1. Being modelled with pLDDT under 95 and over 30 Å from A:Gly185 (Cβ atoms) narrows it down to one of B:Leu217, B:Leu135, B:Leu129, so name that one.
2. Every residue in segment B:156-190 that is in contact (Cβ under 8 Å) with a residue 40 or more places away in the chain and not hydrophobic (A, V, I, L, M, F, W, C), please.
3. Condition check: touching a residue at least 24 places away in the same chain (Cβ under 8 Å) and over 14 Å from the mean Cα position of the chain (by Cα). Does B:Ala134 satisfy that?
4. Just checking, which of A:Glu110, A:Glu146 is outside any strand (DSSP E or B), of a type outside the set (Gly, Ala, Ser) and without any contact (Cβ under 8 Å) to a residue 24 or more places away in the chain?
5. Output the residue which, of all residues in segment A:346-363 that are touching a residue at least 40 places away in the same chain (Cβ under 8 Å) and in a helix (DSSP H, G or I), is farthest from the chain's Cα centre (by Cα).
6. Could you tell me whether A:Gly429 is part of a helix (DSSP H, G or I), within 14 Å of another protein chain (Cβ to nearest Cβ), modelled with pLDDT of 95 or more and over 22 Å from A:Leu548 (Cβ atoms)?
7. Is it the case, given these coordinates, that A:Ala390 is within 30 Å of C:Gly125 (Cβ to Cβ), in contact with a strand residue (DSSP E or B) (Cβ under 7 Å, 6 or more places away or on another chain) and buried (at least 21 other Cβ atoms within 10 Å of the Cβ)?
Amino acid sequence: MALFSSRKTKFVDSDILVIGGGFGGCGAAYESRYWGRDLKVVVVEKANIERSGAGAQGLYAINCYMGMQWDENQPEDHVRYARNDLMGLVREDLVFDIARHVDSTVHKFEEWGLPFMKDKETGRYLREGKWQIMIHGESYKPIIAEAARKAASEVYNRIMVTHLLMDKARPNRVAGAVGFSVRDGNFYVFRSKAVIIAAGGASHIFKPHSIGEGMGRTWYAPWSSASAYGLPIQIGAKMTQMENRIVLTRFKDGYGPVGAYFLHLKTTTENAYGENYEPNWYNSIKEMVGDYVDHQPVPTCLRNHAFLQEVMAGRGPIRMVTKEAFKDPHKETVGWENFLGMTIGQAVVWASQNIDPKETNPELVMSEPYVMGSHATCSGAWASGPEDCAPADYQWGYNRMMTVDGLFGAGDTIGGTAHKFSSGSFTEGRIAGKSAVKYVKDLGSDQPQLNETEYEDLKTVVYQPIENYKVGRNEIVAGTVSPSYISPLQGIQRLEKIMDEYAGGIGTFYMTNEPMLNRGLELLAMLKEDLDHIGAEDLHQLQRAWELNHRVLTSECVTRHTLFRQETRWPGYYYRADYPKLDDTEWHVFTASQYDPKTGEWHMTKLPVHHIIE
Amino acid sequence: MFTSNPFADLTVFLPPLVMQVYIVLMIFAVAIGTLFDMLHKSSAKFFALQRKKSQAAATRRLSGAETASIAIRTIAKEVATSGEFCNPKRRISHLLMFYGFLLHFITTIVMVFGYPTQATPAPGVLPVLWNIGALMILIGGYWFFFFLRVNVAYEGHSPFSLMRADLFIVTLLGSVTLACIWEIVQIAGNLTTTKIAFGLYIFFTTLLFVSVAWSKLAHMFYKPVMAFQRRVEEANGSSTLPTPAARNEGR
Amino acid sequence: MPTFVYMARCDGCGQCVDICPSDIMHIDRTYRRAYNIEPNFCWECYACVKACPQNAIDVRGYADFAPLGHSVRVLREEEKGMISWKIKFRDGREKNFVSPIRTTPWGSIKSPSDYDAPSPDALNGQELAHEPEALKVKTLPTLPVSQKKQV
C-alpha cells in the first residue's frame, strides 16, 4: 500500500442486502424495491454489475419459459421435466414456484428491450425446443443491470464479500456481512435486516481439461468462485445435493453450447467411425438405473454416460454431425451467432483450427465437473418453499429463506431447483426479494444487532493474506516459492488436483469410492489449514485468496455429500464404484449437511423427496 | 511584474550562449533518444512490418489526395484538438498541457535566441505568454496527476505511489513548477536562491528531455503516426474490425 | 482466448479495468496502459473488448489449443443497438455477422417504484410484481389442494 493511504472501515446500513449482482441479484433488487418502496436496498458485487456473473458475454437462449399464454407448457410439466432430468430428485415446490412466475419475468425482459427471435408465422417467441426460446442476448446482462440500478438504493461494485455477520442477540439470525474494496482496500461492514445471497456457484474446484492459459476457458464462469455456498456454509446453514455436480457435453476446448444445435439445427452425434453409438449402451444403462433410462427426454447424465462409455471404449473422438444442417444459411448463421452471443471462445477455436461445420463435423468433449444450482443440476442451500404449495416440512415461514433467519437465497445459491437458468434465477431473485421485504416488515422493532468483536476480528482475518505476503516475503530473494505462504493460484491448483484425483474428476473418468473420498478429505483438511497461510501480493490477489477460501469450503462440502450418498444416482455426472447402481429404496432422498462453525463438525442427514406433482 | 524576460535576467551570472547551447543540446537529446529507443526496441522495424502487412491486406489503394486528406484530418482532430480522448476531462487536461507546452517552449526559444541579454529587452507580451503557457501546463498537469491518472482514478492507487510511467509527468511538472519558482525568486532579487532554483529547474528539464527513451514523452511522435495509420487502415479495407452496422440490419 | 491490448491504440482510459468481471484488466506500470494480468482467468467474455472506446483490445485464442493467425473482432454500437462480428480463419476465410442487442433506448427501463404501489394485502399473496397481467394468463397458477401430498 502507498505511503499516504490507510485502510478505513466503512459502514453501510440497509434493510435488504443483496450479495451478488448477477441474474439472481438483479431480480432480487428489482422486486425488493417494488414491494419495499421506502426500504433501503443495497446490492454489493465483487466485479461490476454491468457485466458480472455467468451472463457476462450474453446468452442466446432462455431455457426456462412456459409460454402459458399460448398453452405451450404448464408449470407442472416443467416440474416433471426437471424431476426427470435429475433422476427424480428435485424440490418440486420450489421448481413449480419458479415455473409459475417465470413467464412474467420473460415478458418484462422483452418490454425492457431484450430482442426475442419470433416465429414468422405465428408471431410467438421462436422455440428452440420445448423449453427453450431464442433471443439475441449479447446485452442481456447490461439490460437487467439497468433494471437493478433503477431499483437499488445503492450499488457497490468491486467490493468482495467474504463473511456473513450474525445477530448478537438472537442465535442463528443473520445481521449483515463484511468485505473489502478490491480497488482502494477499505474494509466494509454491511449492517442489514435481511440478506439475500445471489452469488456464484463453483467453477475451478475440479481440475479442468486445459491447464495453461486455457484454464480460463471453463464452461461456467471462472469468477463463479463458490461464494453462494462458502458464505452460508461458514455460518451453519443447511446445504443440500452438493454431490450433484454437473458435467457437460460441449464442443471441444471452447465448451461452446450444443442446445441450439441439437434442438434447432437438429444435429446428432456420432463416434469416430460415423456410428450412432447411444442405442448400444441402452442395456447397460438400464442395469444401472432401471426404468429411468426409458424416460423422455433422456436425462442429461445418461446421455453423458453413453458418451463416456463410448470414449472409454476407444471409439472417440465423438463428433456433432453438422455438415448437412449447416448447408442451410439460416442454420449456419444461428450456429455461429449462438457462440458469438454466448461463448465467443468457441468461434475463436474454430477460426484458429480452420473448422467450418459445413465441411467438418466438430469434436465434442465431456467437461470437468462443476457445482451450481441453476442448470441441469441443483446443488445449494436448503430453503423454505412457497406457502401455498410447499409440504409442511419444506417450509418454515418465508419463501427462499435458508435455515438461518433472515438469510435468503436465489439463483445458483439455492438447492433442489434445477433447470431455472437465467430467467428462472432472476425469477427466484424476485421471489426472494418479495419474501425479504415481508420478513423485514414483520421484524418491526426486533432488529438484528452487530457484534463489534465479530467484525473487528474479521477485519484482521480478511487482510491476513496481505500481511502473510508482506512479512513472509522477506525470507526469500524472489519468485513464487516460499516455505511460509502459498499464492492463491498455488492453492487452487492443489484443490483442483485433490478433487480431480479423489472426488471423481476427469482424471478418474468421474469415478470415486469411499477410500478415495476419505483420502480426499484428509488432503482437503491440510489445504484448509494452509488457507491461513495464503500470501496475497495486492488487492487483486486478496480477492483470489477469498475466492479460494470459499471454493475449499465448498469442496469439502461436496466431498462429504459424495461420501454420504451411497449410490450412483447420476451416472454420467459421477460414479461411486463401491455403489454402482441407482438405489431408490434407500436413496430416493435429498442429502443434507450442516457445518458447525464452533466445533468444525459436519452433520449429514437425509431429507425426504415429496412428489407433489403426479 | 512577469513582463521581464527571465532568461535575460539570468545573464547576471550566466552567459547567454550557455542557455542557447543547452536548448540545442536538449533538442538533440530528444532526437537521439527517440532514435535510440526505436533502434533498441526494434520499434521502427515493427512499424515498417505493420505497414507492409496492412498494405498487403488492403482491399483498395488510396490515392495521393485521399492520403493527404487523412493526414490533414489527423492533424486537425487528433493533434490539434486531442480528439482521440473519449473522456472529456482527460481531453481538456491534455489540451491545456499540449498548448501550454507549445506556448511555453516556443516563447522560451524566442526569448533565449531573439532577446538574449538585458540590452535587448523582449516585448512584454513574450514573458506574459511564457507564464500563461506555464500556468496552463501546471493546471492541466496537476489536475491530471492528482485526479485523472487511470491508476489513481480506476485502480484506487494513492496519487503519491509513483511508477515508471510517471517519469514524464513528474519531470514535466517539476520543470515547469521550478521555472515559475525560479522566475519569482529571481524577481525578488536574492542571487543565491535564484541560482538554486534555476539549478533545480535545469535538473528537471534535463531529466525531462534526456529520459525520452524511458518515459512517455515520445508519445508526441508515436501517437499522431498511429492515428494516421489507423485511419489509413479503415480507409483501405485492411482493418480487421467489422464495419459499422446499418441500423436495423439484424433480424 | 485471452485478451491483449494494442500498444498503439490504448490511451489508458480505464474502461476495461472498470468492466472486467474477472478483475484482470489492469494498468501497466511502465506505459500506463492496460494489459491482461491473468490470462488463465480470462473467460474471453469480450466485455473489455466491447467496452474499449479505441478498439484497442483483441483476443488471441488460448495457447493450450488455438493455433495462431486467427481473428475474432467485434464492434458493439450501443446507441444503434447493434453488434457486428468479423471472424477471420487461420486460412484466411472470413465470416461476418450482425445482430441486434436491444430494442429500446438505453436508460428507458421504468423503475419499479414508478408503478402504483401494491396493496398491503398483496404482500402476503403469492403474486410477484406486475402479476397476473405480466404472465399474460388470467391467474397465477397454484397447486390444487388435492395434489399436495403431506409428509
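1. Exactly one of B:Leu217, B:Leu135, B:Leu129 is modelled with pLDDT under 95 and over 30 Å from A:Gly185 (Cβ atoms), namely B:Leu217.
2. Correct list: B:Arg164, B:Thr171, B:Glu183, B:Gln186.
3. It is false that B:Ala134 is touching a residue at least 24 places away in the same chain (Cβ under 8 Å) and over 14 Å from the mean Cα position of the chain (by Cα).
4. Answer to the selection: A:Glu110.
5. Only one residue fits best here, namely A:Trp350.
6. Yes: the conditions hold for A:Gly429.
7. no
Results for (1) of a type in the set (A, V, I, L, M, F, W, C); (2) surrounded by fewer than 19 Cβ atoms within 10 Å (Cβ to Cβ); (3) within 11 Å of chain C (Cβ to nearest Cβ), shown as yes or no for each residue.
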residue	(1), (2), (3)
B:Gly140	no, no, no
B:Val152	yes, no, yes
B:Leu167	yes, no, yes
B:Thr171	no, no, no
B:Gly199	no, yes, no
B:Glu234	no, yes, yes
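The values are calculated or read from the model by the stated rules, or taken from the named source; none is laboratory data. Quick caveat: nothing in here was measured; it's all calculated off a predicted structure. Cβ atoms come from the backbone with ideal geometry, glycine included; neighbour counts cover every protein chain shown.
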